[in-house]
Amino acid sequence: MAIASALEQNSSLEKLDLSHCDIDDDGVQKLAHSLKSNSKLKYLYLEGNYISSVGVHNLLKCVYNTSSMQSLWESNHTLRAFYGQRSIYSPSFPETAANRQLLQQLGEILATCNRRYSTPGCSTASNALTNNTPYKINARIAACKILRHYLREKMLEYWECVESMEEKLVPNVIGWLVRYGDVGVIYGVVRDMPWLLEKKADGKALRGGNPVLVDEK
């Protein structure tokens, strides 16, 4: 699929309308794969194509791949929508309870992560993102997705504290979360002694329980 290859190299296009282009699940899979390397496209319209739940799952995996912490980090963080005002439902993707739930999950990820933290002027308790570089914005979105996945049912209880952290603390906290699995302990330490997590040795921090180099861009 030529357009999928072109999207991998895209450095300027922000909106692409591929509605009613006879795209099937295989085509969506190729598009989803290429979009992992695309950090510019914001809107991809896919209404009126032959996309089933398999294709929609690939779109969800493109922006929220929970296979591992690394795959979440490498997901696409710039896409804001896969369809516009028109419904994505079709004979290939009927409006069933399971499909509604799938679209709801996709919509929630795009709204609470990709759109929320990429919108100019949005802010957290710690700082505004307006002056941040694209790298820092994407890193923040990636961190929120990782925390969303690993906090799960306790997400709402601890989300406000985690969301207000400085970006440099997030890899340390995530490392603890995966390594020890005790969200309560992590929350308490971050709340009461955040300065402990700011200490780094040789410019390293924990990601996934292992020390890794942190890009300070």
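We did not get these values from a lab; they are worked out from the coordinates using the rules stated. Treat the numbers as computed from the prediction; the structure is a model and nothing was measured. Note that each Cβ is placed from the backbone with ideal geometry, even for glycine, and that neighbours are counted across all protein chains shown.
Assorted remarks:
- In terms of its Cα atoms, region 13-120 spans 34, 29, 25 Å along the principal axes, sorted from long to short.
- Using the Cβ-Cβ distance between ARG116 and ALA2 with R0 set to 22 Å, the FRET efficiency from 1/(1 + (r/R0)^6) comes to roughly 0.10.
- Approximate spin-label separation TYR89-SER67, in nm, with each point projected 7 Å along Cα-to-Cβ: 3.2 nm
- Exceeding the 18 Å Cα-Cα cut-off - candidates LYS15/LYS61; LYS61/LYS136; LYS40/LYS136; LYS15/LYS136; LYS61/LYS145: LYS15/LYS61; LYS61/LYS136; LYS15/LYS136
- Cut-off 12 Å, label 7 Å out along Cα→Cβ of ASP17, residues of region 79-119 by amide N: 84-86
- Using a cutoff of 8 angstrom between alpha carbon atoms and counting only pairs six or more residues apart, the relative contact order for region 6-82 works out to 36 percent.
- Compactness check for region 65-122: Cα Rg over 2.2 N^0.38 Å is 1.31.
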